[in-house]
Structures are given as structure tokens and as C-alpha cells.
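Accompanying notes for the structure given below.
None of the figures in this text is laboratory data; all of them are computed from the coordinates on show. Please read these numbers as outputs of a predicted model, since none were measured by experiment. So basically every Cβ, Gly included, is an ideal-geometry build from the backbone, and we count neighbours across all protein chains shown.
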Amino acid sequence: MVVLNSPQNPTGGVIPRADMAAIAGLLRERDLIVLSDEMYSRIHYGAEPPASIAEYPGMLEKTVILDGFSKPTP
């Protein structure tokens, strides 16, 4: 299992889209699942929302997205 946390708390750091695409490329053909902690994905300050590993080809089926109800969009 690979665990990704983007955007991260408390820094708000985000894995850049190019890096997320590279990670997806590395994981796509491996026998692994991804736990993607996207709790803060709807709270962002850039022009573009953060990338989810699940949006890359072949990754949706391999990804469990961790989200929640306690951090609503402002």
C-alpha cells in the first residue's frame, strides 16, 4: 500500500501535477493499492484544484480515497 497525503495539513503542501503523474506511472502496473488522503482537497488557494491520483489512467481502480464530512468547503 502507498499512502499519499495531498493537500497536506498543517502546511497546505500539494503534490504538483507533474509529480502526481510520475507517481501514477510508477504505480500503475504494480500490484499495490493507493490510500489517498484528500481530506483538504476542496480547500485550496491556487487557481487549480490539487490533483488526485485517481484521475490518472489506470489508477481509479487501485485507489481508495479518504475524505470526510468534518471539513466542509467554505
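How many nm separate the modelled label positions at LEU32 and ALA54, each set 7 Å beyond the Cα in the direction of the Cβ?
1.9 nm
Taking Cα pairs under 8 Å and at least six residues apart, what relative contact order does the chain come out at, in percent? Before the final figure, lay out each step's value.
Numbers: 102 pairs, mean separation 26.6, N = 74.
Contact order relative to length: 36 percent.
How much length is gained on full extension from ALA47 to VAL3, taking 0.36 nm per residue of separation minus their Cα-Cα distance?
13.3 nm
How about the range 1-69: which GluC sites (Glu not before Pro) there are in a DSSP loop, with at most 11 other Cβ atoms within 10 Å of their Cβ?
When the GluC sites (Glu not before Pro) of the range 1-69 are filtered for loop state and at most 11 Cβ neighbours within 10 Å, GLU29 remain.
What's the angle, to the nearest 10 degrees (0 to 90), between helix 17-27's Cα axis and the longest principal axis of the chain?
Helix 17-27 sits roughly 30 degrees off the main axis of the chain.
Of the listed values (1) 1.42; (2) 1.08; (3) 1.31, identify the label whose number matches Cα Rg over 2.2 N^0.38 Å calculated from this model.
(2)
Rounded to the nearest 0.05, what FRET efficiency do LEU66 and ALA22 have when you use their Cβ-Cβ distance and R0 = 25 Å?
Calculated value: 0.70.
Might you report the magnitude of the Cβ-based charge dipole of the chain about its Cα centre, with Lys and Arg at +1 and Asp and Glu at -1, to the nearest 20 debye?
100 debye
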